[in-house]
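Colleague: Just dropping this structure here.
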Amino acid sequence: MTEDNTQLHTPPSKGHARGRVHAHVHRQLRRFPDLDIGGVDTRDLEPRDAHFAKALEHAVVRRWITLEAIAASQVNRPWETLDAHVQAALMIGTAQILFMDNVPVHAAINESVNVVRSHIHVGATGLVNAVLRSISRLHTGTLEPGHPDAQQSLDHRNLVPMSDGSALVLAQDVFDQDPVIRLVEQTSHGEDLVIHWISAHGLARTQELCLHDLVVPSITLTASDPDSIRNGPVEPHSREGFFVWKGVPGELGDFLAAHPGSRVQDPASAEPIAATSVLSPKLIVDYCAGRGTKTHQLAEIHPEARIIASDIDHGRRHSLREAFAHHPRVDVVEHGDFRDAIGKTDLLLLDVPCTNTGVLPRRPEAKYRFGTDSLKSLAQLQRTIVRETQPLLAPDGAVAFSTCSLEPAENRRQVTELCRKHSLKVHTESQRFPAGIPGDSPCDIHDGSFHAILTH
């Protein structure tokens with residue numbers, strides 16, 4: 001069973017898929033820590049090969065730093081001196097050996113060697129072969145979920161915490177003695193993010209946050225009438241009105257189509273819009289609408305309101321248009337084309353870009369690019385959005401400010417400045433921390449989010 005609970009089979013044709021992943025990871029090595037958000041190119045691959053390639057790439061991205069630490073421990077020279085093709089092959093091979101149970105070890109090793117042979121001199125193949133065989137011997141067993149040492153895996157230099165609460169046992173102490181660097185390596189988080197969280201929350205809470213980011217996020221559903229989906233292939237979430245999908249993933253689309261008003265949404269994502277239920281807007285602007293999950297929720301909660309939605313990204317805007325093509329009260333406009341709303345907006349939703357630190361299980365690449373500069377840059381972008389959108393507000397209009405971040409610089413500090421500069425006051429405010437660590441029930445796991453409702 002892989003870390004994302006996907007059964008994989010690897011016939012010989014998977015070699016081509018591995019080559020695609022190798023090319024992608026090789027490019028990403030030059031960009032790290034600023035990894036591409038897009039994935040490996042699976043065009044013209046057979047469906048099973050494409051599925052395998054995506055799962056393998058996901059395994060590498062989720063555990064990038066862990067893979068580097070383990071592979072580097074078996075190399076007799078500094079990791080940074082290795083050719084990037086060798087680094088990519090070792091990381092991909094290690095991911096298959098340790099994190100993808102249904103991939104035969106011999107296949108992982110042989111295909112990694114073949115990929116390296118096709119890119120650089122034959123001599124490098126011996127290194128890749130020897131290191132991956134050493135890594136296959138390094139894995140000596142697994143501690144089941146609930147085992148005391150698995151529950152305290154961060155205290156052990158030879159344990160790898162897994163998404164299901166188990167822990168891989170390594171024959172050597174490969175992780176750092178320093179507890180902070182060890183946390184970085186075992187949970188694959190950027191060092192800047194871990195140090196930032198320790199400063200803000202302390203080591204114990206930071207360990208919990210890092211472990212949360214290893215969980216496989218469940219598919220969570222809700223509906224305008226939650227009872228309408230209660231009898232489907234779902235299990236009630238601990239948050240009232242939400243359900244965890246237990247059916248076949250490929251059947252989810254048909255289920256949603258058969259149940260109008262249902263949608264995929266995490267409880268933490270739904271809170272900002274639910275908080276607007278105390279308002280009675282006639283005109284709503286959803287300025288950063290993404291693909292429209294919160295837009296749908298706005299339309300349900302405010303059935304008398306007209307909604308104008310847009311997004312700066314062309315692809316997301318296209319998805320918005322498709323989602324609301326026949327909706328009588330939602331108009332999707334080009335980004336910035338809000339002429340009809342100037343001075344008339346009763347509710348302005350600003351679900352602004354952020355560092356994503358509340359949703360890292362869903363956005364694993366964001367674990368690595370977090371830094372002081374990126375935080376400042378995103379906070380400045382948020383201030384720009386606030387400044388640009390204030391002319392849209394009616395004299396007594398309200399603002400719903402929301403993020404999927406845990407960072408005060410993107411949340412409470414922005415709200416304080418918004419209130420000070422624009423004569424608004426906080427009506428409600430909430431910071432929701434993510435819940436759940438490996439081994440917990442999917443019904444107890446949810447994302448993190450922040451929101452504030454600001455009124456005159």
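The values are calculated or read from the model by the stated rules, or taken from the named source; none is laboratory data. This is a predicted model, so every value here is computed, not measured. So basically every Cβ, Gly included, is an ideal-geometry build from the backbone, and we count neighbours across all protein chains shown. Surface areas here come from the heavy atoms of the whole protein model, side chains and all, with no ligands, DNA or RNA. Shrake-Rupley method; radii C 1.70, N 1.55, O 1.52, S 1.80 Å.
Colleague: If you scan the range 127-136, which residues turn out to be open to solvent by 40 Å² or more (accessible area, probe 1.4 Å) and among the aliphatic types (A, V, I, L, M)?
Modeller: Scanning the range 127-136 gives a single hit, 130.
Colleague: Before we move on, is residue 343 in contact with a Leu (Cβ under 8 Å, 6 or more places away or on another chain), open to solvent by less than 50 Å² (accessible area, probe 1.4 Å) and without any contact (Cβ under 8 Å) to a residue 60 or more places away in the chain?
Modeller: On the way: in contact with a Leu (Cβ under 8 Å, 6 or more places away or on another chain): yes; open to solvent by less than 50 Å² (accessible area, probe 1.4 Å): yes; without any contact (Cβ under 8 Å) to a residue 60 or more places away in the chain: yes.
Yes: the conditions hold for residue 343.
Colleague: With respect to residue 449, determine if the residue is farther than 18 Å from residue 218 by Cβ, open to solvent by less than 30 Å² (accessible area, probe 1.4 Å), in contact (Cβ under 8 Å) with a residue 40 or more places away in the chain and small (Gly, Ala, Ser). Let's see the steps before the verdict.
Modeller: On the way: farther than 18 Å from residue 218 by Cβ: no; open to solvent by less than 30 Å² (accessible area, probe 1.4 Å): yes; in contact (Cβ under 8 Å) with a residue 40 or more places away in the chain: yes; small (Gly, Ala, Ser): yes.
In short, no.
Colleague: Hey, another quick one. Looking at the range 81-91 only, could you name the residues that are open to solvent by 10 Å² or more (accessible area, probe 1.4 Å) and within 21 Å of residue 365 (Cβ to Cβ)? Break it down into steps so the answer makes sense when it comes.
Modeller: The initial filter retains those residues of the range 81-91 that are open to solvent by 10 Å² or more (accessible area, probe 1.4 Å), namely 81-85, 87.
Within the range 81-91, 84, 87 qualify.
Colleague: Going residue by residue through the range 318-327, is there one that turns out to be over 27 Å from residue 406 (Cβ atoms), part of a loop (DSSP other than H, G, I, E, B), open to solvent by 50 Å² or more (accessible area, probe 1.4 Å) and in contact with a helix residue (DSSP H, G or I) (Cβ under 9 Å, 6 or more places away or on another chain)?
Modeller: yes
Colleague: Has the range 193-216 got any residue that is open to solvent by less than 60 Å² (accessible area, probe 1.4 Å) and part of a strand (DSSP E or B)?
Modeller: no
Colleague: Can you confirm whether residue 417 is under 29 Å from the mean Cα position of the chain (by Cα), open to solvent by 40 Å² or more (accessible area, probe 1.4 Å) and farther than 21 Å from residue 294 by Cα?
Modeller: yes
Colleague: Now a separate question. With respect to residue 66, is the statement that it is closer than 22 Å to residue 31 by Cβ and in a helix (DSSP H, G or I) true? Talk me through it step by step, then tell me what you get.
Modeller: On the way: closer than 22 Å to residue 31 by Cβ: yes; in a helix (DSSP H, G or I): yes.
For residue 66, the condition - closer than 22 Å to residue 31 by Cβ and in a helix (DSSP H, G or I) - is met.
Colleague: Continuing with the same structure: Check the range 275-282 and report whether any residue there is within 28 Å of residue 357 (Cβ to Cβ) and touching a helix residue (DSSP H, G or I) at 6+ places or on another chain (Cβ under 8 Å).
Modeller: Scanning the range 275-282, I find at least one residue that is within 28 Å of residue 357 (Cβ to Cβ) and touching a helix residue (DSSP H, G or I) at 6+ places or on another chain (Cβ under 8 Å), so the answer is yes.
Colleague: From the list 348, 381, 360, exactly one residue is modelled with pLDDT of 95 or more and in a strand (DSSP E or B). Which is it? Write out each step before concluding.
Modeller: Values: 381 fails: in a strand (DSSP E or B); 360 fails: in a strand (DSSP E or B).
Just one listed residue meets the conditions, 348.
Colleague: Quick one: is residue 124 without any contact (Cβ under 8 Å) to a residue 60 or more places away in the chain, farther than 12 Å from residue 439 by Cβ and open to solvent by 60 Å² or more (accessible area, probe 1.4 Å)? Step through it out loud before you land on a result.
Modeller: On the way: without any contact (Cβ under 8 Å) to a residue 60 or more places away in the chain: yes; farther than 12 Å from residue 439 by Cβ: yes; open to solvent by 60 Å² or more (accessible area, probe 1.4 Å): no.
In short, no.
Colleague: Can you name the residue in the range 370-393 that is touching a residue at least 60 places away in the same chain (Cβ under 8 Å) and either open to solvent by 70 Å² or more (accessible area, probe 1.4 Å) or of a type in the set (Ser, Thr, Tyr) (or both) and, of all such residues, is nearest to residue 335 (Cα to Cα)?
Modeller: So, considering only residues that are touching a residue at least 60 places away in the same chain (Cβ under 8 Å) and either open to solvent by 70 Å² or more (accessible area, probe 1.4 Å) or of a type in the set (Ser, Thr, Tyr) (or both), the one nearest to residue 335 (Cα to Cα) is 389.
Colleague: Quick one: in the range 56-74, which of the residues that are over 20 Å from residue 193 (Cβ atoms) and open to solvent by 20 Å² or more (accessible area, probe 1.4 Å) is farthest from the chain's Cα centre (by Cα)? Spell out how you get there, then give the answer.
Modeller: Here is the first cut: in the range 56-74, the residues over 20 Å from residue 193 (Cβ atoms) are 56-57, 59, 70-74.
In the following step, the residues that additionally are open to solvent by 20 Å² or more (accessible area, probe 1.4 Å) were identified as 57, 72-74.
Details: 57: 14, 72: 26, 73: 28, 74: 30 Å.
Checked the range 56-74; the qualifying residue farthest from the chain's Cα centre (by Cα) is 74.
Colleague: Of the residues that make up the range 18-28, is at least one over 25 Å from residue 104 (Cα atoms), modelled with pLDDT of 90 or more and open to solvent by less than 30 Å² (accessible area, probe 1.4 Å)?
Modeller: Among the residues of the range 18-28, at least one is over 25 Å from residue 104 (Cα atoms), modelled with pLDDT of 90 or more and open to solvent by less than 30 Å² (accessible area, probe 1.4 Å), which makes the answer yes.
Colleague: Same structure again: Would you say residue 334 is over 28 Å from residue 409 (Cβ atoms), without any contact (Cβ under 8 Å) to a residue 12 or more places away in the chain, surrounded by fewer than 24 Cβ atoms within 10 Å (Cβ to Cβ) and out of contact with any strand residue (DSSP E or B) (no Cβ under 6 Å at 6 or more places or on another chain)? Break it down stepwise before answering.
Modeller: Numbers: over 28 Å from residue 409 (Cβ atoms): yes; without any contact (Cβ under 8 Å) to a residue 12 or more places away in the chain: no; surrounded by fewer than 24 Cβ atoms within 10 Å (Cβ to Cβ): yes; out of contact with any strand residue (DSSP E or B) (no Cβ under 6 Å at 6 or more places or on another chain): yes.
When the stated conditions are applied, residue 334 does not pass them.
Colleague: Can you name the residue in the range 13-52 that is in a helix (DSSP H, G or I) and charged (D, E, K, R) and is also farthest from residue 361 (Cα to Cα) among such residues?
Modeller: Selected residue: 14.
Colleague: For the range 265-276, give me each residue that is in a loop (DSSP other than H, G, I, E, B) and either free of Cβ contacts under 8 Å to residues at least 60 places away in the same chain or open to solvent by 30 Å² or more (accessible area, probe 1.4 Å) (or both).
Modeller: Taking the range 265-276 first, the residues in a loop (DSSP other than H, G, I, E, B) are 265-266.
If the condition is that a residue be in a loop (DSSP other than H, G, I, E, B) and either free of Cβ contacts under 8 Å to residues at least 60 places away in the same chain or open to solvent by 30 Å² or more (accessible area, probe 1.4 Å) (or both), then 265 is the only one that fits.
Colleague: State all residues of the range 233-264 that are in a loop (DSSP other than H, G, I, E, B) and surrounded by fewer than 19 Cβ atoms within 10 Å (Cβ to Cβ); if no residue qualifies, say none.
Modeller: 233, 238, 239, 240, 241, 246, 247, 248, 259, 260, 261
Colleague: With of a type in the set (Gly, Ala, Ser) and buried (at least 21 other Cβ atoms within 10 Å of the Cβ) as the only criterion, which of 315, 397 stands out? Steps first, please.
Modeller: Details: 315 fails: buried (at least 21 other Cβ atoms within 10 Å of the Cβ).
Answer to the selection: 397.
Colleague: Suppose we keep only residues that are in contact with a Phe, Trp or Tyr (Cβ under 9 Å, 6 or more places away or on another chain) and not in a loop (DSSP other than H, G, I, E, B) within the range 278-312. Which one would you say is most open to solvent (accessible area, probe 1.4 Å)?
Modeller: 296
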